[in-house]
1. Considering each of 77, 88 in turn, give the residue that is assigned to a strand (DSSP E or B), without any contact (Cβ under 8 Å) to a residue 60 or more places away in the chain, surrounded by 12 or more Cβ atoms within 10 Å (Cβ to Cβ) and within 16 Å of ligand 1 (Cβ to nearest atom).
2. Within the range 96-105, work out how many residues are part of a loop (DSSP other than H, G, I, E, B) and either within 12 Å of residue 67 (Cβ to Cβ) or within 16 Å of ligand 2 (Cβ to nearest atom) (or both).
3. Given the criteria modelled with pLDDT under 95 and within 16 Å of ligand 2 (Cβ to nearest atom), does residue 89 qualify?
4. Please give the number of the condition residue 93 fails out of (1) surrounded by 17 or more Cβ atoms within 10 Å (Cβ to Cβ); (2) part of a loop (DSSP other than H, G, I, E, B).
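The values are calculated or read from the model by the stated rules, or taken from the named source; none is laboratory data. In this text the structure is predicted, and so the values were computed from the model without any measurement. Every residue, glycine among them, receives a Cβ derived from its backbone with ideal geometry; neighbour counts consider all protein chains shown.
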Ligand SMILES: *[C@@H]1O[C@H](CO)[C@@H](O)[C@H](O)[C@H]1NC(C)=O
Ligand SMILES: [Cu+2]
């Protein structure tokens, strides 16, 4: 390509714009969220984790971090029945490091409790629902989640940018 026709210049400009869009969107897209359970209060009893989860959208690829004084608490992953009854699972050991990260690998409801006697009954229990990041999550009747909406838009923008870049890549080179 010794000289550019004006058509080629136009294409070049479009391609640069597409790459710029991609550069802006790509880091946002891949950033999985890490949720510190209870934020600065951490994983503790006498805390309302239902309120903490309100308005949060959890997606596959995100992760939970349970922070607590080691030995003071622990983290058991349980099923819905054990969650309701605050009973420890019959098999399986709890997480006990004091800073336990749990990657959310699958969709669906996930239940966690502290296994120290009385703690679950005092509110140290967490239930979340993990959604597939590519599917449009069901809107909640009271307040639509801006996080979920923006993620869908980003996915759409990313796909569009890829198509544009791919197209001009084929045309020009
Ligand atoms: C939940 O887990 C307990 C063991 O911790 C088990 O006995 C029970 O059958 C399970 N319930 C369901 C619905 O899977
Ligand atoms: Cu505890």
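1. Result: 77 is the single residue among 77, 88 that is assigned to a strand (DSSP E or B), without any contact (Cβ under 8 Å) to a residue 60 or more places away in the chain, surrounded by 12 or more Cβ atoms within 10 Å (Cβ to Cβ) and within 16 Å of ligand 1 (Cβ to nearest atom).
2. Summing the residues that are part of a loop (DSSP other than H, G, I, E, B) and either within 12 Å of residue 67 (Cβ to Cβ) or within 16 Å of ligand 2 (Cβ to nearest atom) (or both) in the range 96-105 gives 3.
3. Against the criterion (modelled with pLDDT under 95 and within 16 Å of ligand 2 (Cβ to nearest atom)), residue 89 qualifies.
4. (1)
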